[in-house]
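> Sending over a structure as structure tokens; questions will come in a sec.
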Amino acid sequence: MKAVIVGTAGHIDHGKSALVRALTGTDPDRLEEEKRRGITIDIGFANLDLTAPSGEKLRLGFVDVPGHERFVRNMLAGIGGIDLVLLVVAADESVKPQTLEHFDICRLLSVQRGITVLTKRDLVDADTLEVVRMEVADYLRGSFLDPSTAPMVAVSAKTGEGLDELKTELARMAAEVPAKDSSAAFRLPIDRVFSMKGFGTIVTGTLISGSVRKDEELQIHPTGKRLRVRGVQVHGAAAEQAIAGQRTALNLAGVETSELERGMMLTPPGLFRPTRHVSVKLTLLPSAKVLRDRARLHLHAYTAETIAEVTLLGEKQLQPGQSGLARLKLDDSLMLVPGDRFIVRQFSPVITIGGGVVLDALEPARRAKAEERLAFVRALGSADALSVLLVRVGRRGAEGLSISEAVAETGWLQAGVELRAAELVSSRKAARFGDILISASVAAQLRSSLKASVDAFHKANPLVAGISREELRERIGIGPEIFRGIEDSLVGDKQLEVAGDLVHGSGRGVVLRDEEAESKQRIEAAFATSGLKVPLLKDVLASLPVDKVRAQKIVTLLLRERVLVKVGDDLVFHRNALDELRKLIVAQKAKTPRLNIVAFKDLIGVTRKYAIPLLEYLDRERVTRRVGDERLIL
Ligand SMILES: Nc1nc2c(ncn2[C@@H]2O[C@H](COP(=O)(O)OP(=O)(O)OP(=O)(O)O)[C@@H](O)[C@H]2O)c(=O)[nH]1
Ligand SMILES: [Mg+2]
């Protein structure tokens with residue numbers, strides 16, 4: 001059964017609630033005070049089953065809103081998720097201030113469909129009805145309720161006249177409403193919270209996207225608390241799951257009613273983050289005053305409301321009737337994603353002055369400059385989904401954008417992000433390394449700076465085999481995943497080679513000149529033949545046919561290749577000698593697990609001058625551990 005949400009709109013006392021009651025049999029005014037005063041204060045709900053002309057079964061969920069100008073904020077909490085609107089105008093009063101304000105709100109929220117309902121037709125004669133019909137038609141001309149395309153029905157809740165015609169129009173129009181995307185991420189803006197005996201905490205709302213099932217884990221924003229769905233009700237009846245477009249009640253486990261309130265939003269856990277900075281396209285009503293930079297406004301999005309400070313991007317003020325790009329700083333965190341619509345009302349006196357659509361709700365930690373932000377938001381505003389992802393990847397520069405960040409930024413499901421990411425990669429607009437996307441142009445820059453860095457290193461260190469990967473990565477200043485990807489691609493193109501931990505230019509071993517090669521051999525031989533009774537390094541170097549600086553570089557090369565190992569100041573051993581030492585000590589453990597310095601000296605036959613640095617080396621290598629004056633063999 002297809003679910004469609006129908007909202008009412010219109011001036012106070014024009015018969016919205018009476019109409020909902022006449023259509024559904026349910027009085028949407030549920031509060032005692034509402035019944036006593038005969039006005040609607042808060043949103044109310046009712047259901048109606050209809051059959052579409054095609055025979056399809058339809059379930060209409062009505063959200064009845066208050067018309068009183070003081071309760072517009074409650075009206076706004078109800079109108080956010082509606083699919084079509086009944087614009088109610090009393091035939092004996094015609095268009096009034098909240099008719100205008102409510103209709104402006106519908107347009108700003110981009111409501112696409114609706115029916116104009118002239119109520120109380122039993123109170124006027126045919127001529128008056130005609131005059132009102134023309135007045136209302138004039139007002140609606142050019143809008144989504146233009147009388148040439150949208151129906152206008154005159155009814156009486158009292159006599160029932162016109163109700164069948166209205167139901168027929170409702171069924172026809174509900175059948176045309178495109179189904180909300182139940183495959184998108186689940187988001188439920190909460191409009192009511194209460195507790196029910198035997199059940200505990202219940203929340204209700206209009207399910208704006210995705211679906212939810214019993215026993216699922218959810219997260220509540222902005223507090224971040226996680227909780228579990230104990231039960232689901234759809235349009236007042238127990239259900240296995242609720243899908244987008246349905247009036248939904250959830251019985252929640254693990255949370256008290258005091259922790260929840262209207263304006264919070266339920267989502268799957270871990271996907272989204274609430275935000276206090278949003279970039280938006282803002283539209284001012286023609287009736288509004290000029291909007292200046294830094295103005296403070298009331299902002300309403302779905303059931304949430306907060307105060308926003310506007311920074312206009314580009315022009316320094318926004319003219320009535322115009323649209324512009326802006327960044328809003330919110331007093332409270334809200335869970336918003338691009339595409340979400342909102343309404344803004346003047347700070348004081350509180351009247352509706354405009355609305356807009358969210359373009360970006362999650363900014364990276366690095367603060368963008370004003371021009372950068374303007375360019376980014378402009379690019380987002382005019383882009384299709386694929387380009388949106390590319391623009392977002394581009395914003396992250398060499399940091400890249402991970403798949404999960406892309407989900408949080410866009411509000412798309414992971415599968416959607418993956419699909420678009422794959423398309424960007426196959427069209428060579430972006431590169432993907434592990435879980436991270438970077439733009440093709442940034443990848444190209446990184447490739448050349450990585451290559452240039454390696455070349456520069458070789459130039460500065462001609463006798464060194466290569467630069468260590470970690471050092472190279474730090475020089476470029478990029479994360480490990482992207483580094484590995486760029487390195488791989490350069491290796492694949494035979495521009496670089498990787499040997500163990502070292503990166504060097506392709507085909508470039510270390511080219512030693514003859515006397516250097518000879519020196520290198522002589523140093524190695526001097527240490528290889530002396531075992532642990534090594535000569536002093538400076539004596540060995542002094543005997544070589546090369547100058548001191550070059551000799552030192554050759555030593556550095558031998559240390560890097562781990563042919564020689566530095567054990568203390570000016571004290572260097574051949575790797576093989578140290579390996580022998582290690583074996584000897586380990587074998588000694590069976591005889592006695594403890595050694596003092598004298599025993600150690602005797603065992604390996606060296607002087608105290610060598611024994612102490614060697615023992616400290618063995619401690620560092622975790623072959624031994626110092627305990628008082630002795631060494632414990634580990
Ligand atoms: N005669 C007549 N009276 C009506 C009709 N519809 C509503 N009324 C009366 O008009 C008054 C206001 O009706 P409501 O349905 O409460 O009006 P509303 O638009 O819901 O008002 P708010 O929710 O406060 O904005 C009530 O006394 C209704 O009985 C109708 O078709 N004919
Ligand atoms: Mg009412």
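> In the stretch 121-136, is there at least one residue being closer than 30 Å to Ala301 by Cβ and open to solvent by 20 Å² or more (accessible area, probe 1.4 Å)?
Here is the first cut: in the stretch 121-136, the residues closer than 30 Å to Ala301 by Cβ are 136.
Then keep just the ones that are open to solvent by 20 Å² or more (accessible area, probe 1.4 Å); that gives none.
No, the stretch 121-136 contains no residue that is closer than 30 Å to Ala301 by Cβ and open to solvent by 20 Å² or more (accessible area, probe 1.4 Å).
> Just to check your reading of the model, which residue among Glu315, Glu309, Glu256 is open to solvent by 10 Å² or more (accessible area, probe 1.4 Å), more than 24 Å from Ala379 (Cα to Cα) and acidic (Asp, Glu)?
Just a single option satisfies the conditions, and that option is Glu256.
> Would you check if there is a residue in the stretch 84-101 being modelled with pLDDT of 95 or more, under 24 Å from Ala237 (Cβ atoms), of a type in the set (Val, Ile, Thr) and within 14 Å of ligand 2 (Cβ to nearest atom)?
no
> Just to verify a result, which residue in the stretch 30-42, among those that are under 22 Å from Arg121 (Cα atoms) and not aliphatic (A, V, I, L, M), is farthest from ligand 2 (Cβ to nearest atom)?
Within the stretch 30-42, the subset under 22 Å from Arg121 (Cα atoms) is 38-40.
Narrowing further to those that are not aliphatic (A, V, I, L, M): 38, 40.
Details: Gly38: 9, Thr40: 3 Å.
Looking at residues that are under 22 Å from Arg121 (Cα atoms) and not aliphatic (A, V, I, L, M), I get Gly38.
> Please go through the stretch 102-145 and pick out each residue that is within 16 Å of ligand 2 (Cβ to nearest atom) and among the acidic types (Asp, Glu).
None; the set is empty.
> Can you list the helices (runs of 4 or more DSSP H) lying wholly within the stretch 477-574 that have 3 or more residues being hydroxyl-bearing (Ser, Thr, Tyr)?
Counting at least 3 such residues, we get 514-530.
> I'd like to know if the stretch 280-289 contains one or more residues that are farther than 23 Å from Ser348 by Cα and within 21 Å of the chain's Cα centre (by Cα).
For the stretch 280-289, residues farther than 23 Å from Ser348 by Cα and within 21 Å of the chain's Cα centre (by Cα): absent.
> Report whether or not Arg327 is in a strand (DSSP E or B), open to solvent by 10 Å² or more (accessible area, probe 1.4 Å) and charged (D, E, K, R). Please lay out each step first, then the result.
Numbers: in a strand (DSSP E or B): yes; open to solvent by 10 Å² or more (accessible area, probe 1.4 Å): yes; charged (D, E, K, R): yes.
Yes: the conditions hold for Arg327.
> Then there's this: Under the condition of being among the polar types (S, T, N, Q) and either open to solvent by less than 10 Å² (accessible area, probe 1.4 Å) or touching an Asp or Glu at 6+ places or on another chain (Cβ under 8 Å) (or both), which residue from the stretch 1-33 is farthest from ligand 1 (Cβ to nearest atom)?
Looking at the filtered set, the residue picked out is Thr8.
> Starting from residues that are β-branched (Val, Ile, Thr), outside any loop (DSSP other than H, G, I, E, B) and near ligand 2 (Cβ under 9 Å from one of its atoms), keep the ones in the stretch 1-20 and report whichever is nearest to Val111 (Cα to Cα). Step through it out loud before you land on a result.
Keep residues of the stretch 1-20 that are β-branched (Val, Ile, Thr), which gives 4-6, 8, 12, 20.
Restricting the remaining residues to those that are outside any loop (DSSP other than H, G, I, E, B) gives 4-6, 8, 20.
This time we only want the ones that are near ligand 2 (Cβ under 9 Å from one of its atoms), so: 8, 20.
Working: Thr8: 12, Val20: 19 Å.
For the stretch 1-20, the residue satisfying everything is Thr8.
> Let me ask you something else. Check Leu312 against each of (1) farther than 24 Å from Ile79 by Cβ; (2) touching a helix residue (DSSP H, G or I) at 6+ places or on another chain (Cβ under 9 Å); (3) of a type outside the set (D, E, K, R) and name the one condition it does not meet.
Of (1) farther than 24 Å from Ile79 by Cβ; (2) touching a helix residue (DSSP H, G or I) at 6+ places or on another chain (Cβ under 9 Å); (3) of a type outside the set (D, E, K, R), only one is false for Leu312: (2).
> Still on this structure, I have one more. From the list Glu240, Glu261, pick out the single residue that is over 21 Å from Gly78 (Cβ atoms), surrounded by fewer than 21 Cβ atoms within 10 Å (Cβ to Cβ) and more than 18 Å from the chain's Cα centre (by Cα).
Glu240
> Against the condition more than 11 Å from ligand 2 (Cβ to nearest atom), in a helix (DSSP H, G or I) and at pLDDT 95 or above, how does Leu23 come out, does it pass?
Answer is yes for this residue.
> Report the residue count in the stretch 471-496 for those that are free of Cβ contacts under 8 Å to residues at least 12 places away in the same chain and of a type in the set (D, E, K, R).
The total comes to 5.
> Considering only the stretch 346-456, give the helices (runs of 4 or more DSSP H) lying wholly within it that have at least 3 residues that are at pLDDT below 90. Walk me through it before giving the result.
Values: elements: 370-381, 385-395, 403-410, 414-426.
The qualifying helices (runs of 4 or more DSSP H) are 370-381.
> Scan the stretch 6-31 and report the pairs whose first residue is of a type in the set (Lys, Arg) and whose second residue is more than 8 Å from ligand 1 (Cβ to nearest atom) and open to solvent by less than 10 Å² (accessible area, probe 1.4 Å), with Cβ atoms within less than 6 Å and a gap of 6+ or a chain change.
Within 6 Å, the pairs are Arg30/Gly44.
> Given (1) buried (at least 24 other Cβ atoms within 10 Å of the Cβ); (2) more than 16 Å from ligand 1 (Cβ to nearest atom); (3) of a type in the set (Lys, Arg), identify the lone condition not met by Lys57.
The single condition Lys57 does not satisfy is (1).
> Given the criterion open to solvent by 20 Å² or more (accessible area, probe 1.4 Å), among the hydrophobic types (A, V, I, L, M, F, W, C) and under 19 Å from the mean Cα position of the chain (by Cα), identify the matching residue among Leu218, Leu271.
Exactly one residue qualifies, and that residue is Leu271.
> Where residues in the stretch 43-86 are closer than 26 Å to Ile343 by Cβ and without any contact (Cβ under 8 Å) to a residue 40 or more places away in the chain, which of them is nearest to the chain's Cα centre (by Cα)?
Among those that are closer than 26 Å to Ile343 by Cβ and without any contact (Cβ under 8 Å) to a residue 40 or more places away in the chain, it is Asn74.
> In contact with a Phe, Trp or Tyr (Cβ under 8 Å, 6 or more places away or on another chain) and open to solvent by less than 20 Å² (accessible area, probe 1.4 Å): is that true of Ala406 in this structure?
Yes: the conditions hold for Ala406.
> Moving to a separate point now. I need every pair where a residue in the stretch 146-160 that is within 17 Å of Ser17 (Cβ to Cβ) and at pLDDT 95 or above has its Cβ under 8 Å from the Cβ of a residue that is assigned to a loop (DSSP other than H, G, I, E, B) and within 16 Å of ligand 2 (Cβ to nearest atom), sequence separation at least 6 or different chains.
Ser156/Lys120; Ala157/Gly15; Ala157/Lys120; Lys158/Lys120
> Can you confirm whether the stretch 336-358 contains a residue that is free of Cβ contacts under 8 Å to residues at least 12 places away in the same chain and either in contact with an Asp or Glu (Cβ under 8 Å, 6 or more places away or on another chain) or farther than 23 Å from Ile208 by Cα (or both)?
yes
> Output yes when any residue across the stretch 65-81 is of a type in the set (Asp, Glu) and more than 14 Å from ligand 2 (Cβ to nearest atom), and no when none is.
Within the stretch 65-81, not a single residue is of a type in the set (Asp, Glu) and more than 14 Å from ligand 2 (Cβ to nearest atom).
> Phe45 passes all but one of (1) over 26 Å from Val132 (Cβ atoms); (2) buried (at least 21 other Cβ atoms within 10 Å of the Cβ); (3) away from ligand 2 (no atom under 15 Å from the Cβ); which number fails?
Going through (1) over 26 Å from Val132 (Cβ atoms); (2) buried (at least 21 other Cβ atoms within 10 Å of the Cβ); (3) away from ligand 2 (no atom under 15 Å from the Cβ) one by one, Phe45 breaks only (3).
> Scan the stretch 169-212 for residues that are open to solvent by 60 Å² or more (accessible area, probe 1.4 Å) and in contact with a helix residue (DSSP H, G or I) (Cβ under 9 Å, 6 or more places away or on another chain) and jot them down.
Across the stretch 169-212, the qualifying residues are Ser183, Phe194, Ser195.
> Where in the stretch 122-208 are there strands (runs of 3 or more DSSP E), lying wholly inside it, with at least 1 residues that are closer than 30 Å to Gln219 by Cα?
In the stretch 122-208, 192-196, 200-206 are the strands (runs of 3 or more DSSP E) which contain 1 or more residues that are closer than 30 Å to Gln219 by Cα.
> Could you check the stretch 62-115 and list, in sequence order, the residues that are more than 11 Å from ligand 1 (Cβ to nearest atom), buried (at least 24 other Cβ atoms within 10 Å of the Cβ) and in a strand (DSSP E or B)?
Result: Phe62, Val63, Val85, Leu87, Gly114.
> Next up: In the stretch 598-623, how many residues are under 19 Å from Val565 (Cα atoms), outside any loop (DSSP other than H, G, I, E, B) and in contact (Cβ under 8 Å) with a residue 24 or more places away in the chain?
7
> Return yes when Leu336 is closer than 19 Å to Leu76 by Cα, under 21 Å from the mean Cα position of the chain (by Cα) and open to solvent by less than 40 Å² (accessible area, probe 1.4 Å) and no when it is not.
Against the criterion (closer than 19 Å to Leu76 by Cα, under 21 Å from the mean Cα position of the chain (by Cα) and open to solvent by less than 40 Å² (accessible area, probe 1.4 Å)), Leu336 qualifies.
The values are calculated or read from the model by the stated rules, or taken from the named source; none is laboratory data. Not measured: the values here are computed from a predicted model. Please note: Cβ atoms are built from the backbone with ideal geometry, for glycine as well, and neighbour counts cover all protein chains shown. Quick note on the areas: whole protein, heavy atoms, side chains included, nothing else; ligands and nucleic acids left out. Shrake-Rupley method; radii C 1.70, N 1.55, O 1.52, S 1.80 Å.
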